[in-house]
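Please read the structure below before turning to the comments.
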Amino acid sequence: MAVDTADGVEIRGALVRLRRATGLPVAFGGLVEAGRRQVRISELSGTATAALSALAVTSGNGLGGRAVALSRPCAVTDYSVSAQISHEYDRPVAAEGLRSVVAVPVVVRRRVRGVLYGALRTAQPLGDRTLGAAVAAARDVEQALVLREETKELLAAARPPAPGPADAAARERVREAHAALRALAPRIAEPELREELLRACGLLAAGGEPGPGPRPAPREVDVLACVAAGATNGEAAQRLGLGAETVKSYLRSAMRKLGAGTRTEAVARARRAGWLP
């Protein structure tokens, strides 16, 4: 059973990467259900049956529930006889033929949001390499969830002020959010979310009068947005994951297209041209 959500896609991809990196025959996982202290197993990779599909794992119960309760990875060498865990889920685990299992919580902002599992059908210790790969897969999901939450927060903060007298503080918040969104976009692996974010950036910048001159490259707008928010070249490079010389090159190109002689003039002209809010 697969959940067609952006979060489900992230978990599915992490499970595939986990199996590829470790050779584990089975991986599965799911998210904590909203308002409940349980994980719903929604993503399966390499399973031979549907025994684990849609299984609800309560915090504290079984291996995954233990990982949720402790907020740390947990592993057993032989699930069915382990004294470290409770055994509410022995039947579906046995139906899938799983013996050695690791469960790693997905923790975002100190809150467990899901669990990833990797498993063998033989009873043997899982080595450090396998455990490390499972933790790395969970960290990938954590980063994706953080990025998505940051995007939603920035989009909410970036709503233009209501029509009326000019509100300088509100306009400045829009500009700061626009710069943050432009810096965030390249870090988002999911194409649909990235495009949605860039469309929102375009709406925030709308209102200028595009001139007949050359159009900016996306990275030129990213650099200008950072400059408009008061960032130095070094700070812009850090935010955008670029080299300092690359930032300088994009800035020079943008200034040339705008016919600007200084950074300040480039920002002012970019706003008039509709490149920036």
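Is at least one residue of region 201-216 in a helix (DSSP H, G or I), at pLDDT below 90 and closer than 28 Å to ASP140 by Cα? Yes, region 201-216 contains a residue that is in a helix (DSSP H, G or I), at pLDDT below 90 and closer than 28 Å to ASP140 by Cα.
Scoring ARG113 on the criteria (1) modelled with pLDDT of 95 or more; (2) not in a loop (DSSP other than H, G, I, E, B) leaves a single failure, condition (1).
Screening the candidates ALA270, ALA229, ALA225, ALA254 for the property of being modelled with pLDDT of 90 or more and hydrophobic (A, V, I, L, M, F, W, C) yields one hit, ALA254.
For SER253, the conditions (1) buried (at least 18 other Cβ atoms within 10 Å of the Cβ); (2) assigned to a helix (DSSP H, G or I) are fulfilled apart from (1). Scanning region 29-60 for residues that are over 28 Å from the mean Cα position of the chain (by Cα) and buried (at least 16 other Cβ atoms within 10 Å of the Cβ) yields a total of 1.
Looking at region 23-43, is at least one residue under 17 Å from THR130 (Cα atoms), outside any loop (DSSP other than H, G, I, E, B) and among the hydroxyl-bearing types (Ser, Thr, Tyr)? No, region 23-43 has no match at all.
Checked against (1) within 27 Å of ARG148 (Cα to Cα); (2) out of contact with any Phe, Trp or Tyr (no Cβ under 6 Å at 6 or more places or on another chain), ALA103 passes all but condition (2). Of the residues in region 205-216, at least one is among the basic types (Lys, Arg), out of contact with any Ser or Thr (no Cβ under 9 Å at 6 or more places or on another chain) and either assigned by TED's automatic domain parsing to the domain that holds ARG173 or closer than 19 Å to PRO186 by Cβ (or both). One residue stands out among those in region 7-47 that are among the basic types (Lys, Arg) and touching a residue at least 12 places away in the same chain (Cβ under 8 Å): the one that is farthest from GLU96 (Cα to Cα), which is ARG37.
The values are calculated or read from the model by the stated rules, or taken from the named source; none is laboratory data. If you're wondering where the values come from, they're calculated on a predicted model, not measured in any experiment. Note that each Cβ is placed from the backbone with ideal geometry, even for glycine, and that neighbours are counted across all protein chains shown.
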